[in-house]
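Let me begin by presenting the structure, written as structure tokens, before commenting on it.
Computed from the coordinates by the stated procedures, all read-outs in this text should not be read as laboratory data. Keep in mind the model is a prediction, meaning the values are calculated, not measured. Reconstructed Cβ throughout: ideal geometry from the backbone, glycine too, with neighbour counts over all protein chains shown.
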Amino acid sequence: MYKSDTIAAISTPPGEGAIGIIRLSGPDAGEIVSGIFKPVNPKSWRKKTSYTLHLGTLSFRSQELDQVIVSVMKAPHTYTGEDVIEINCHGGWLILNRILDTVIELGARPAEPGEFTKRAFLNGKMQLSQAEAVVDLIRAKTEQAAQIAIRQLKPSGAKKIMDIRNAIVDCLSHIEANLDFSDQNLDAAPVSEVLNRLDSARKSLENTVESAKKARIFRNGIHITIVGRTNAGKSSLANLLMDNKRIIVTSVPGTTRDVIEEVVNICGIPVVIADTAGIRIHSGKVEELGQKMTMEKVKTTDVVLAVFDLSRKFGPDDRKTINYIRSKKGIIVFNKRDLRQRLETADVADKLPGWPAVQISAKKRRDIGKIKETIYKLLMEDRDFDIENVFISNSRQISVLERAITSLSGASRALKEGVPEDIVSIDLNEALKAIDQVTGREADDSVLEKVFSRFCVGK
Ligand SMILES: Nc1nc2c(ncn2[C@@H]2O[C@H](COP(=O)(O)OP(=O)(O)OP(=O)(O)O)[C@@H](O)[C@H]2O)c(=O)[nH]1
Ligand SMILES: [Mg+2]
């Protein structure tokens, strides 16, 4: 268990803001703030009724710090489960830090990253997977990612894991009852009944893991790299996908020399789009360096947007481009459809079998929506899942639940083969231990440290 001291931190982001919040949690929160707070209504402040707001001034050593509103939340019905006081002051760096320094001088301890949420977890206010969802929600880049985090954060999401856990506990107690009474010839639960329950618990876990894996794309996002011969219109396309970032576009081949990246939201998926230096056979030293960077980028990217110029015949630069990308997953973008067509599209399509193709005009902004649609379709291939069913999301949770599935399969197999029940119960206990790593019941300190180190200070 942790020391139940009182912690404090600035909970709003650094920089100027209309208001800033300093949060305190712990048994002395009220007393510490009382040491510096002059309320407009002292009678009401003295009572410190939970969920009340108090206007007043903060001063320390006869120096006024700020005019503030102090909110009072009393244990146990608070985020951390402890007494929580939040000081709403003006949102300047200096004011916030002066107030924080003062409450620390009066006995609070500076909170570590995620310590408020860690206390919420240690006080049984949430499961570990819910605490992880708090970070996911703060970091969500798209609506869908936020929705997944919210679902995981809700008690109903946590309950689904607990339901599976309870089903396994049930099977375990049947098996242990069989063990206890095996010499007494009592009617224990038939093996087939236990097997059915085990199978349905395993299937629920498998569905959970499968949906979580498919939904990971909304949380982690993907990388898309735009490649093609010089002058094909890559930067023009990148500018459109990046909502007019203004990458330099000129009619001079070899304009882009570096990899230029930007995160965009494509149908709810956070996508890092990279514009790259064009590919051509005959190039100077600087361009060659740029092309090397393009090649490196292609190696690690998830999806390639290969841009071909419809107004030019298929040439060695296009061939060189295809050689770099043919092993990847991607989309063919035929650009400059507003010009007279000289490219035989089959020359490209035949060399990149299975790649969907889209014709656009980046210059005239035509059919850019089609590219986004095609990207989304490509990413969602084999990802047929119901987002409503996603209530775990990160790789830590997925890997421990996969362990639970393996243990449950082992238990079912053992039961079917008539292996002694005490051996079966070892597998079931392993499955429970794994599930408890998701809920946090069994998570050791190193896991907790890793989870909470992802948080910012003040959360
Ligand atoms: N007509 C027409 N011109 C286009 C289109 N897209 C791009 N261009 C023109 O093609 C030229 C090259 O465009 P960029 O976007 O710089 O091409 P790039 O592939 O990034 O070129 P590099 O960076 O040199 O490899 C510019 O003059 C653009 O205005 C299009 O759809 N139609
Ligand atoms: Mg360019």
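So here's what we get for this one:
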item	result
Residues ASP309, ASP350, ASP338, ASP136, sorted so that the one with the fewest Cβ neighbours within 10 Å comes first	ASP350, ASP338, ASP136, ASP309
Exposure proxy ranking, count of Cβ atoms within 10 Å, fewest first, for ARG246, ARG219, ARG454	ARG246, ARG454, ARG219
Residues CYS89, CYS171, CYS267, sorted so that the one with the fewest Cβ neighbours within 10 Å comes first	CYS267, CYS89, CYS171
Translational diffusion of the chain, µm² s⁻¹ [Kirkwood Rh, Cα pairs; Stokes-Einstein; 37 °C; 0.692 mPa s]	123
Helix 93-105 vs. the chain, principal-axis angle (Cα, 0 to 90°, nearest 10)	30
Net charge dipole size for the chain [Lys, Arg +1 and Asp, Glu -1 on Cβ; Debye, nearest 20]	2680
Farthest toward positive dipole pole in the stretch 91-212 [+1 Lys/Arg, -1 Asp/Glu at C-beta], among ASN196, LEU122, CYS171	LEU122
Whole-Å distance, taken between Cα centres, linking the stretch 188-218 and the stretch 336-394	35
Förster-model FRET efficiency, 51 Å R0, SER59 and ASP445, C-beta, rounded to 0.05	0.80
Net charge of Cβ neighbours under 9 Å - reference SER361; Lys, Arg +1; Asp, Glu -1	+4
Rounded, prolate or oblate (a/c below 1.5 giving rounded, otherwise prolate when a/b exceeds b/c) for the stretch 221-380 by Cα gyration tensor	rounded
Cα gyration tensor shape of the stretch 85-155, rounded if a/c is under 1.5, else prolate or oblate by comparing a/b with b/c	oblate
Compactness of the stretch 7-111 - radius of gyration and Dmax, Cα, Å	12.5, 35
Fraction of beta bridges assigned by DSSP in the chain that are antiparallel (%, nearest 5)	65
Where labels lie 7 Å past Cα in the beta-carbon direction, separation of ARG326 and SER156 in nm	5.1
Helix 395-416 axis, angle to the chain major axis (alpha carbon atoms, nearest 10°)	80
Theoretical gain in end-to-end length, ILE423 to LYS377 [0.36 nm per residue, Cα-Cα removed]	11.9 nm
In Hz, Karplus ³J(HN,Hα) per residue of the stretch 37-42 (6.51, -1.76, 1.60; θ = phi - 60°; x = Gly, Pro)	9, 10, x, 5, 10, x
Euclidean distance between Cα centres, the stretch 49-66 to the stretch 428-456, Å	39
Nearest-20 debye value, the stretch 1-58 charge dipole, Cβ charges on Lys, Arg, Asp, Glu	320
Lysines whose Cα lies under 16 Å from that of LYS297, excluding same-chain neighbours fewer than 8 positions away	LYS234, LYS320, LYS328, LYS329
Proximal aspartates and glutamates relative to LYS285, as straight alpha-carbon distance under 19 Å, when same-chain residues fewer than 8 apart are discounted	ASP258, GLU296, ASP317
Rounded tilt (10° steps) of 316-325 against the dominant C-alpha axis of the chain	20
Leading residue at positive end of dipole, the chain (Cβ point charges), from THR6, VAL286, PRO270	VAL286
